[in-house]
Amino acid sequence: MAGIGFFLAGTWSFGVLDATAKLLTQSYHPLQVTWGRFFFAFVIVLPLAARLWPAGGLVSRRPGLQLLRATLLAVVNFLFFVAIQHMQLAEVQAISFIAPLLVTALAALLLGERVGPRRWFAVAIGLCGVLAIIRPGSGVLTWVAGFALAQAMGNALFHLVTRSISAHDPPQLTFVYTATVGAAAATLFVPVVWTWPTPLDWSLMVLTGFMGAVGHWFLILAYRRTEASSLAPYMYLQLPWITFLGWMLFGDLPDLWTLAGAAVVISSGIYVFSRERYLRSVGRL
């Protein structure tokens, strides 16, 4: 129960981050919002980095993978912020839920993991759910929806790399790398689009960094206490939360197509998680 509680706190923290980022993208370039999210997360994790430094705790066994993972997360955040600048939070979040299904597909294609016909069928059904959300030919499928789909693919790659790193480096080190590399990468490019924020917007940027850092730390605490397959279905509780935030802050409510598509994607994802948990319990995964 503690692990589930930490996991929900983490996903809800990311919901607040996303809503705050959408507020900021109304006045600032998504790249600048990405910078604020990672720079202030970096400031927050500095004490942890200082604590790990004396004992050599900042030395990674797989520095290349750490750099790749952190860079992927920065790119995913940027793509997500571009998408929510023009689309409803709930629409982009619903498309994002295809990422766990893509992890299953990519694990088979890139890592050689065995994926049976049932899970491949669930992946295909989930993709149909995404098509219901973006509705090709209806005018909903625009270049912005392409950004949403690209961030879902990047998120799937991010989780695959995270899976590889977890066997080599402790989560605290990965936590520090995530904020540091993301802040450094965003700082290189943000001068091109920089607009000086108002005092209120500075505070909102600090909030994005804080919620991002806190959200990741909650997830670390959750995964220490509960196996990932048990926690994964609870990620979908983020959709009603982020739908509420979108309605409260922007007056946005998803239409029936979006809700139906999200239900299909979520059902497919829960089936894949349940199937993988069963196969793991009988020693076939």
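The values are calculated or read from the model by the stated rules, or taken from the named source; none is laboratory data. Here the structure is a predicted model, which means the values were calculated and not measured. Cβ: placed from backbone, ideal geometry, glycine included. Neighbour counts: every protein chain shown.
Table for the structure above
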{"read-out": "Any hit, the range 248-269, residues being within 19 Å of Phe7 (Cβ to Cβ) and either without any contact (Cβ under 8 Å) to a residue 40 or more places away in the chain or of a type in the set (Gly, Ala, Ser) (or both)", "value": "yes"}
{"read-out": "Enumeration of residues in the range 106-117 that are within 14 Å of Arg163 (Cβ to Cβ) and either surrounded by fewer than 17 Cβ atoms within 10 Å (Cβ to Cβ) or not small (Gly, Ala, Ser) (or both)", "value": "Leu106, Ala108, Leu110, Leu111, Gly112, Glu113"}
{"read-out": "The range 226-267 - residue that is charged (D, E, K, R) and exposed (fewer than 15 other Cβ atoms within 10 Å of the Cβ) and, of those, farthest from the chain's Cα centre (by Cα)", "value": "Asp255"}
{"read-out": "Ala41 vs. criteria touching a Gly at 6+ places or on another chain (Cβ under 8 Å), surrounded by 24 or more Cβ atoms within 10 Å (Cβ to Cβ), within 23 Å of Ile165 (Cα to Cα) and modelled with pLDDT of 85 or more", "value": "yes"}
{"read-out": "Residue under evaluation Leu253, criteria (1) at pLDDT 85 or above; (2) hydrophobic (A, V, I, L, M, F, W, C); (3) part of a helix (DSSP H, G or I), criterion not met", "value": "(3)"}
{"read-out": "Selection from the range 23-39 of residues that are of a type outside the set (Ser, Thr, Tyr) and either without any contact (Cβ under 8 Å) to a residue 12 or more places away in the chain or under 17 Å from Thr195 (Cβ atoms) (or both)", "value": "Leu23, Leu24, Gln26, His29, Pro30, Leu31, Gln32, Val33, Trp35, Gly36, Arg37, Phe39"}
{"read-out": "All positions within the range 246-268 that are farther than 17 Å from Ala83 by Cα and β-branched (Val, Ile, Thr)", "value": "Val264, Val265, Ile266"}
{"read-out": "Yes/no for Val103 being closer than 23 Å to Thr20 by Cα and surrounded by 16 or more Cβ atoms within 10 Å (Cβ to Cβ)", "value": "no"}
{"read-out": "Which listed residue, of Leu200, Leu219, is surrounded by fewer than 15 Cβ atoms within 10 Å (Cβ to Cβ) and farther than 13 Å from Phe42 by Cα", "value": "Leu200"}
